[in-house]
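J.: Below is one structure. I have some questions about it.
The values are calculated or read from the model by the stated rules, or taken from the named source; none is laboratory data. Quick caveat: nothing in here was measured; it's all calculated off a predicted structure. All Cβ positions, glycine included, derive from the backbone under ideal geometry; neighbour counts span all protein chains shown. Side chains included, ligands, DNA and RNA excluded: accessible areas come from the protein's heavy atoms. Shrake-Rupley method; radii C 1.70, N 1.55, O 1.52, S 1.80 Å.
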Amino acid sequence: MKQARTIIGGILVLLLMVSPALAGTPKYVFYFIGDGLGASQRQFSEFFLRAKTHNPSRKLLMNTFEVAGINSTYAADTLITDSAAAGTALASGVKTNKGVIGKSPDGKNVKTLVEAAENDGMATGLITTTRLTHATPAAFAAHNISRDNENEIANDYLNSDVDFLAGGGIRHFIPQSEASENTDAVRQPIKSKRKDERNLVQEFEAKGYRTFIGMQGAKAFATTDFSSVDKVFAAFTYTHLPYEIERIHQYTHLPSLARMTRAGIDVLSNDPDGFFLMVEGGRIDHAAHANDATGVIYDTIAFDDAIKAAYEFYLSHKNETLIVVVGDHETGGMGLGMDSMGYKLDLTCLMDTKVSVEDTLNYGDGQYQGDKAAYYQFLEAQFGLKNLTEDEKARLEKAMLDADAGKTVGYYQVNPAALTAAHILSQRANISWTTTIHTATMIPMSATGTAADQFSGYKDNTEIARAMAHVLGFSL
């Protein structure tokens, strides 16, 4: 009998060595949230990566993890959630109403995984490509009845004691009267949207944070050795960070999501009690709202590169690290295939795109403003729309007439010329979109590392947070 126990014990030890998913409590936790990242977004981005690298076996790292599942996303008051309710569910395991941050439907504060980690002595971090005060990151460290109260959410961040904060949204952290001569990291003026004279950046500094603000902050961030830094507050842009497709073509001085993740690891891994780090690929959602196929692709690949940064750390801490990759909801109703082109997808037509639909065609220097010839030239040079067919040109002509008349399209009132250009490019690739808002579609999840097996199968989004609390020994 004793010999049998010895053999069984040896087998269990070997299993734990071979399969980290069977191991115990993780010391280092990475929670990756792709905002708007449904199955189509993940799959099509992988197809694009294969085509661009001429490697038919290339995979997104997140699609290689040994544990997989599928998640429902509905909110307490609607079957189609928003990021506030979904973020709260992923952060606390509690269903709440659309638009609510860190509170239950009856208005009571709910405990989040970040708060539980801090109570347990762990270091914590929140990284995003949106404003830091946007719904998903806010749901981990703030409590507010409305996601729109971003100045109040900024105040909550100051009191949250989160050790590493990086993203956009300078405007909610500086005093109302501030007018800086410096620009943000996309060369826009630094100005405030606060209604008071609080300077939260200075208040962060008084609490021992090293701050990285605007263009100067982005450049300093790129050269900083974060292994000797204790706390970080970084807000590089007035609003959201730029789309990845524009970051790599226009704003290479701005840290990528992967660079921010590596910096977060360097800071947080100094804590002997371990860390909890949430990283959001937030602009995947925004691209899908604009039905921007290439915007979705590049931001999804950037999100996967951030996961690679965590995976590199995992390889050196295999028996102590958990990586979980989820989405909060699907956006756009992205479909891979249309009757018009039959059983194929065409990736080649997306290779020459250099700008986003939202930031450039809808709001930026590529916006249609009455000059049709200039708009056609811009679409050809920057958006990859060349050799328009008569049908495509007729659709754009109508859209430009609608824009001239002041008309908009969709829930978020997109410029019709921008959305039509997006749809033409998508249709060339054989991609369809059902909406410019969210859908109730279930979304994929993947995980690797210590206790990763606890996240497999069919789960509601609240169960993901509760599973994470369980493996960490937290009480939410």
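J.: Residues to consider are Asp305, Asp266, Asp271; find the one that is more than 22 Å from Thr237 (Cα to Cα), modelled with pLDDT of 95 or more, in contact with a helix residue (DSSP H, G or I) (Cβ under 6 Å, 6 or more places away or on another chain) and surrounded by fewer than 24 Cβ atoms within 10 Å (Cβ to Cβ).
T.: One residue alone meets the criteria, Asp266.
J.: Would you call Arg247 in contact with a Phe, Trp or Tyr (Cβ under 8 Å, 6 or more places away or on another chain), among the basic types (Lys, Arg) and modelled with pLDDT of 95 or more?
T.: No, not satisfied.
J.: Still on this structure, please answer the following. With the structure loaded, tell me whether Ile80 is open to solvent by less than 40 Å² (accessible area, probe 1.4 Å), of a type in the set (A, V, I, L, M, F, W, C) and either touching a residue at least 60 places away in the same chain (Cβ under 8 Å) or not in a helix (DSSP H, G or I) (or both) or whether it fails that test.
T.: Spelling it out, it is not the case that Ile80 is open to solvent by less than 40 Å² (accessible area, probe 1.4 Å), of a type in the set (A, V, I, L, M, F, W, C) and either touching a residue at least 60 places away in the same chain (Cβ under 8 Å) or not in a helix (DSSP H, G or I) (or both).
J.: If I filter the stretch 145-155 for residues that are touching a Lys or Arg at 6+ places or on another chain (Cβ under 7 Å) and assigned to a loop (DSSP other than H, G, I, E, B), do I get at least one hit?
T.: yes
J.: Just a yes or no: is a residue in the stretch 445-456 open to solvent by 10 Å² or more (accessible area, probe 1.4 Å), hydrophobic (A, V, I, L, M, F, W, C) and not in a helix (DSSP H, G or I)?
T.: For the stretch 445-456, residues open to solvent by 10 Å² or more (accessible area, probe 1.4 Å), hydrophobic (A, V, I, L, M, F, W, C) and not in a helix (DSSP H, G or I): absent.
J.: State all residues of the stretch 365-407 that are open to solvent by less than 30 Å² (accessible area, probe 1.4 Å), in a helix (DSSP H, G or I) and not hydrophobic (A, V, I, L, M, F, W, C); if no residue qualifies, say none.
T.: If the condition is that a residue be open to solvent by less than 30 Å² (accessible area, probe 1.4 Å), in a helix (DSSP H, G or I) and not hydrophobic (A, V, I, L, M, F, W, C), then Tyr375, Glu392 are the ones that fit.
J.: Inspect the stretch 274-287 for any residue being surrounded by fewer than 24 Cβ atoms within 10 Å (Cβ to Cβ) and over 30 Å from Ile190 (Cα atoms) and give the result as yes or no.
T.: Within the stretch 274-287 (the criterion being surrounded by fewer than 24 Cβ atoms within 10 Å (Cβ to Cβ) and over 30 Å from Ile190 (Cα atoms)), the answer is yes, since at least one residue qualifies.
J.: From the set of residues in the stretch 197-210 that are open to solvent by 10 Å² or more (accessible area, probe 1.4 Å) and either assigned to a helix (DSSP H, G or I) or without any contact (Cβ under 8 Å) to a residue 24 or more places away in the chain (or both), which is farthest from Val229 (Cα to Cα)?
T.: The extreme case among them is Glu197.
J.: Would it be correct to say that Gln454 is free of Cβ contacts under 8 Å to residues at least 40 places away in the same chain, of a type in the set (S, T, N, Q) and within 22 Å of Gly34 (Cβ to Cβ)?
T.: yes
J.: Here's something else I'd like to know. Any idea which of (1) within 28 Å of the chain's Cα centre (by Cα); (2) open to solvent by 50 Å² or more (accessible area, probe 1.4 Å); (3) among the small types (Gly, Ala, Ser) is the one Gly410 doesn't satisfy?
T.: (2)
J.: Report, by residue number, each residue of the stretch 164-188 that is closer than 23 Å to Met260 by Cβ, surrounded by fewer than 21 Cβ atoms within 10 Å (Cβ to Cβ) and not polar (S, T, N, Q).
T.: Arg187, the sole residue that qualifies.
J.: Cβ contacts < 8 Å: first residue touching a residue at least 60 places away in the same chain (Cβ under 8 Å), restricted to the stretch 311-327; second residue among the acidic types (Asp, Glu) and open to solvent by less than 10 Å² (accessible area, probe 1.4 Å), any location; separation 6+ or different chain. Result?
T.: From residues that are touching a residue at least 60 places away in the same chain (Cβ under 8 Å), the pairs are Gly327/Asp35.
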